[in-house]
Amino acid sequence: MAGSEHSMAAVERPESSVVRTGTKSGMLGSGGGGRGGVRVTGEGTGTGAVASNADQSYGGEGGTVGVGDVSSDDHSAESSVSEDATWITWFCSLKGNEFFCEVDEDFINDDFNLTGLSSQVAYYNYALDTILDVDIPESELDDKQQELVEVTAETLYGLIHARYILTVRGMHAMLKKYKEGAFGRCPRVHCSGQAVLPVGQSDMPRNSTVKIFCPMCWDIYFPRSRHHSTLDGAYWGTTFPHLFLHTYNNLVPQRNPEKYTPRIYGFKIHKSAVQVQRNRASLPHDEKS
């Protein structure tokens, strides 16, 4: 949202206008944001969600969020979520958001857990209200601002999520998803379908997309699904999979010592061969033998 936040004056939310409700029909005003009908194009936002929900329908009272047509898979995903579901439940149920767990609202309501996030996200108060299903009077935001708030809410949730999954409750929620294989399997042949964990290569948003870490070969890979390959890695961070395996060390598998051996007409390629020398040129001398 770097390009948009400088071109549009920030709007301060009057504290007296905030009212907690149990439904989403009035979120960001009728006919505006929330699940009421705002359409987010994502133009110039750059929030770090990296178009994670570009083709998803909002699945509530009739509006859509995203660009392009909604597929039958999206409709089937929506049908399983009640119209009275919270924003968090709706967001985590979207196709492509399987790597996310649902963050407890008690965690989000504790200001200490959100320290420093207000400086990383534009429209912070409005984005937080959206996540917590707080009604925002439609007169406070114009259509463009409503769109930006919706996109920013996803970014803010991702950053909160990165902190939550390092807590006991957060790890327990991710443990359930791990056991279900929600994060996928290692693509390496010799790992034999080992379940993987999401990991970021940076703790700062907008630096890299999420990768998957294999507890067996201890390497990282691109997620198999194109929906996951656009998610910001900062929403899981660099610490999560390693702290997770430290906590649940009984889940750490033994490494498979078997390696692939290249052959030509059935013969192993000698280490003096040009292709081997070029491939191993950057390795330390003791690893070349």
One point scatterer per Cα, no solvent, Debye formula: log10 I(q)/I(0) for region 154-252 at q = 0.20, 0.24 Å⁻¹ comes out as -0.98, -1.40
In Å, the Kirkwood hydrodynamic radius from C-alpha pairs for region 110-202 sits at 15.7 Å
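Let me check something: with ligands and nucleic acids excluded, how do 248, 123, 157 order by accessible area (1.4 Å probe), largest to smallest? It would help to have the intermediate numbers written out before the result.
On the way: 248 45, 123 25, 157 0 Å².
Correct descending sequence by accessible area is 248, 123, 157.
Given a 1.4 Å probe and heavy atoms of the protein chains only, how would you sort 270, 246, largest accessible area at the top? Please list the in-between numbers first.
On the way: 270 115, 246 135 Å².
Putting 270, 246 in descending order of accessible area: 246, 270.
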SASA check, residue 169, accessible area w/ 1.4 Å probe, all protein chains in place, rounded to nearest 10 Å², comes out at 120 Å²
Counting only residues 5 or more apart in sequence or on a different chain, those whose built amide H sits under 5 Å from that of residue 135 are 19, 21
The equivalent-ellipsoid semi-axes of region 77-141, taken as the square roots of five times the Cα gyration tensor eigenvalues and listed largest first in whole Å, are 22, 17, 11
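Return an integer: the convex hull volume of the alpha-carbon atoms of region 224-273, in Å³ per residue. Please report the intermediate quantities before stating the final value.
Values: hull volume 10.5 nm³, N = 50.
Value for region 224-273: 209 Å³ per residue.
The values are calculated or read from the model by the stated rules, or taken from the named source; none is laboratory data. Keep in mind that what you see is a predicted model, and the values were worked out from it rather than measured. In case anyone asks, the SASA skips ligands and DNA or RNA and just uses the protein heavy atoms, side chains included. Shrake-Rupley method; radii C 1.70, N 1.55, O 1.52, S 1.80 Å.
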